[in-house]
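See structure below.
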Amino acid sequence: EPLYRGYHYHRLGEEGPGEEPATPYRTPVFANRNGQLSCRYQRSGIAAGQRECGVPLDERDLSALNLFDQVAAAPENRLAFFLERGDMIVINNYTVMHARTRFTNFPEPERQRRLVRLWFDAEDFRDVPREFNLFAENGIPKQEGRRATFDFKKLYGDDPVATGGVPDLKVSDGEAAQSR
């Protein structure tokens, strides 16, 4: 039930003018609409959002989130691969969970990692609850002189609740090569 009830999400510095840093409403992790199961999940956004709204996660919430993390991290539920220069991947954020492993960027601009995030929106795409959209506008509004923070350390410090105690899923070159 907690995963269907949902949680407040932190907007990670991408909130629009007049919007609070966290959603004032709960966003469900799972929603079933018109026979389609959809999912929206970001553990650190939930932990920071609940904290921002002054609503601590209780034992039932933590148990549900921890179980979700364990199932998602299980090897039989994961696919690891490398994206090479020029590669593009298109996924549906409501049907495929995704994550990135930690990396250290190169100081030389020509060697730096560059990822571009693009959100597609189409009529009749997928019926998801309004609460799945964390912003008043459809997408993230551009704001002059301001960038998204994504500074998770600033948002939750070393709090294991934010990560569920799940370590970074390090992927060896061999494991990723097998997935190519």
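Listing for the model above:
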read-out: Some residue of the range 97-104 being among the hydrophobic types (A, V, I, L, M, F, W, C), surrounded by 11 or more Cβ atoms within 10 Å (Cβ to Cβ) and either modelled with pLDDT of 85 or more or not in a loop (DSSP other than H, G, I, E, B) (or both); value: yes
read-out: Criterion: surrounded by fewer than 16 Cβ atoms within 10 Å (Cβ to Cβ), under 28 Å from residue 145 (Cβ atoms) and not basic (Lys, Arg) - qualifying residue of 49, 86, 18, 13; value: 18
read-out: Which listed residue is in contact (Cβ under 8 Å) with a residue 12 or more places away in the chain and in a loop (DSSP other than H, G, I, E, B), from 84, 14; value: 14
read-out: Count of residues meeting criterion [assigned to a loop (DSSP other than H, G, I, E, B), surrounded by 13 or more Cβ atoms within 10 Å (Cβ to Cβ) and free of Cβ contacts under 8 Å to residues at least 60 places away in the same chain] in the range 35-46; value: 2
read-out: Criterion (under 17 Å from residue 131 (Cβ atoms) and surrounded by fewer than 15 Cβ atoms within 10 Å (Cβ to Cβ)) met by exactly one of 93, 32; value: 32
read-out: Residue that is modelled with the highest pLDDT [pool: residues in the range 106-128 that are surrounded by 10 or more Cβ atoms within 10 Å (Cβ to Cβ) and closer than 26 Å to residue 80 by Cα]; value: 106
read-out: Residue 22 vs. criteria more than 22 Å from residue 143 (Cβ to Cβ) and among the small types (Gly, Ala, Ser); value: no
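The values are calculated or read from the model by the stated rules, or taken from the named source; none is laboratory data. As the structure is a computational prediction, the values presented were derived from the model and not from experiment. Heads up, the Cβs are rebuilt from the backbone with ideal geometry, glycines too, and the neighbour counts pull from every protein chain shown.
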